[in-house]
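Visitor: Dumping the structure here so I can ask a few things about it.
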Amino acid sequence: MSRLQQPIIGDTLGDQAGIGPEVMAAALLRLPQHAEYRPMGARIAATPGQPTEETARAALEQLERAAEALRDGTIDAVVTAPICKEGLHRLGFHYPGQTEFFADRLGVTNFAMCLTGRRLTVALATTHVALKDIPGMLQTAELVRVGRLLADFLRRTGIGSPRIALAGLNPHNGESGAFGDEESRIIAPAVEELQREGAAIFHGPCVPDCVYRDAAEGIYDAVVAPYHDQALIPLKLLDFDNAVNATIGLPRLRVSPDHGTAFGIAGKGLANPSSTIRAFELALRSVQ
């Protein structure tokens, strides 16, 4: 996008029986007017709190349009509202989530999940897997790959020299191998390789019960976490209402509010648009 052009940010409504249409409408009223906000589909007749095959099909159609627009470059980024995976799976949607869907549609194999709030940003080395499987899945090459993607994402959203911590896996970083050696065997070599590349300032392995506090206080710009809940528990404690889920590694950014369809409160005027507003803000930062 030329700096003389107006950024174009696409948006989807998700499953329209949920709170997606509410939070999207509320967010669009509060956003800066120097950008164009382009819907990827229209509102349909939906009963709040009652998802149907029609609401699932409309959500899937909007995702397909958004992916096509990202691929063609007719939008600069997209903000996607929450979907109902159960309904989409009945239509043949075989992806774990929107992250994998957009990566596939854009032909990207090198991608990762990043979640970012106003105080804390985390990227995940492993995602939705059993805790017992994580030590066997953790690999130096994967940590390096996610670290590179995270550094690029931070630079794209305005941080010139990112400071990134790689969190340890075990309590107290394993106490010099007393209860785990993943820090010295897997994580430390990843930090060394990333430091040599110079894409950002990398630290670690960092003691996991301290590193998220340090990041929240500004010592680090982001943390690479070895597993899902180690990162998501502090993120949701600190940034529950404004956290955003970003697919990093795509040529153009896909972001969404870090909450679900919330069918139970849909249509009751209780939905908080803060996370959706932040998603749009992040999308705009990625193209300016």
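The values are calculated or read from the model by the stated rules, or taken from the named source; none is laboratory data. Not measured: the values here are computed from a predicted model. With ideal geometry, Cβ positions are generated from the backbone for all residues, glycine too; neighbour counts draw on all protein chains shown. Ligands, DNA and RNA are stripped out before the accessible areas are found, and what is left, the full protein with its side chains, is counted by its heavy atoms. Shrake-Rupley method; radii C 1.70, N 1.55, O 1.52, S 1.80 Å.
Visitor: Give me a count of the residues in the stretch 10-40 that are among the aliphatic types (A, V, I, L, M) and either under 19 Å from residue 264 (Cα atoms) or part of a helix (DSSP H, G or I) (or both). Even if it seems obvious, please write down each step before you answer.
Guide: If we filter the stretch 10-40 for residues that are among the aliphatic types (A, V, I, L, M), which is where we start, we get 13, 17, 19, 23-29, 31, 35, 40.
Okay, now just the ones that are also either under 19 Å from residue 264 (Cα atoms) or part of a helix (DSSP H, G or I) (or both), so 13, 17, 19, 23-28.
Total satisfying the criteria: 9.
Visitor: In the stretch 1-30, which residues are surrounded by fewer than 16 Cβ atoms within 10 Å (Cβ to Cβ) and not basic (Lys, Arg)?
Guide: 1, 2, 4, 5, 6, 25, 29
Visitor: Now for a different question. Go through the stretch 27-43 and give me each residue that's touching a residue at least 40 places away in the same chain (Cβ under 8 Å), within 20 Å of residue 67 (Cα to Cα) and among the basic types (Lys, Arg).
Guide: none
Visitor: Here are 160, 147: which of them is part of a loop (DSSP other than H, G, I, E, B) and either among the small types (Gly, Ala, Ser) or more than 21 Å from residue 233 (Cα to Cα) (or both)?
Guide: 160
Visitor: State whether one or more residues within the stretch 210-222 are at pLDDT below 95 and surrounded by 14 or more Cβ atoms within 10 Å (Cβ to Cβ).
Guide: No, the stretch 210-222 contains no residue that is at pLDDT below 95 and surrounded by 14 or more Cβ atoms within 10 Å (Cβ to Cβ).
To keep it simple, each residue is scored yes or no on (1) closer than 25 Å to residue 275 by Cβ; (2) among the aliphatic types (A, V, I, L, M); (3) in contact (Cβ under 8 Å) with a residue 40 or more places away in the chain; (4) touching a helix residue (DSSP H, G or I) at 6+ places or on another chain (Cβ under 7 Å).
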| site | (1), (2), (3), (4) |
| --- | --- |
| 92 | no, no, no, no |
| 96 | yes, no, no, no |
| 107 | no, no, no, no |
| 112 | yes, yes, yes, yes |
| 121 | yes, no, yes, no |
| 124 | yes, yes, yes, yes |
| 128 | yes, no, yes, yes |
| 132 | no, no, no, no |
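Visitor: Something else: When only residues in the stretch 80-124 that are touching a Gly at 6+ places or on another chain (Cβ under 8 Å) and part of a helix (DSSP H, G or I) count, which is most open to solvent (accessible area, probe 1.4 Å)?
Guide: Applying the filter and picking the extreme gives 85.
Visitor: Are any residues in the stretch 175-209 under 23 Å from the mean Cα position of the chain (by Cα), open to solvent by 50 Å² or more (accessible area, probe 1.4 Å) and over 19 Å from residue 227 (Cα atoms), and if so, which ones?
Guide: 201
Visitor: If a residue must be of a type outside the set (Gly, Ala, Ser), under 19 Å from residue 48 (Cα atoms) and surrounded by fewer than 21 Cβ atoms within 10 Å (Cβ to Cβ), how many such residues does the stretch 268-288 contain?
Guide: 3
Visitor: Determine which single condition residue 219 fails, assuming it passes every other condition in (1) in contact with a helix residue (DSSP H, G or I) (Cβ under 7 Å, 6 or more places away or on another chain); (2) more than 28 Å from residue 287 (Cβ to Cβ); (3) not small (Gly, Ala, Ser).
Guide: Of the numbered conditions (1) in contact with a helix residue (DSSP H, G or I) (Cβ under 7 Å, 6 or more places away or on another chain); (2) more than 28 Å from residue 287 (Cβ to Cβ); (3) not small (Gly, Ala, Ser), the odd one out for residue 219 is (1).
Visitor: Of all residues in the stretch 237-250, count the ones that are surrounded by fewer than 21 Cβ atoms within 10 Å (Cβ to Cβ) and modelled with pLDDT of 95 or more.
Guide: 2
Visitor: Against the condition out of contact with any strand residue (DSSP E or B) (no Cβ under 8 Å at 6 or more places or on another chain), among the small types (Gly, Ala, Ser) and on the phi > 0 side of the Ramachandran plot, how does residue 14 come out, does it pass? I'd like the intermediate steps shown before the answer.
Guide: On the way: out of contact with any strand residue (DSSP E or B) (no Cβ under 8 Å at 6 or more places or on another chain): no; among the small types (Gly, Ala, Ser): yes; on the phi > 0 side of the Ramachandran plot: yes.
The answer is no for residue 14.
Visitor: Quick check, is residue 8 in contact with a Lys or Arg (Cβ under 6 Å, 6 or more places away or on another chain), in contact (Cβ under 8 Å) with a residue 40 or more places away in the chain and among the β-branched types (Val, Ile, Thr)?
Guide: Spelling it out, residue 8 is indeed in contact with a Lys or Arg (Cβ under 6 Å, 6 or more places away or on another chain), in contact (Cβ under 8 Å) with a residue 40 or more places away in the chain and among the β-branched types (Val, Ile, Thr).
Visitor: Can you tell me which residue in the stretch 48-73 is farthest from residue 21 (Cα to Cα), limited to those that are open to solvent by less than 70 Å² (accessible area, probe 1.4 Å) and not in a helix (DSSP H, G or I)?
Guide: Filtering the stretch 48-73 for residues that are open to solvent by less than 70 Å² (accessible area, probe 1.4 Å) and not in a helix (DSSP H, G or I), the one farthest from residue 21 (Cα to Cα) comes out as 73.
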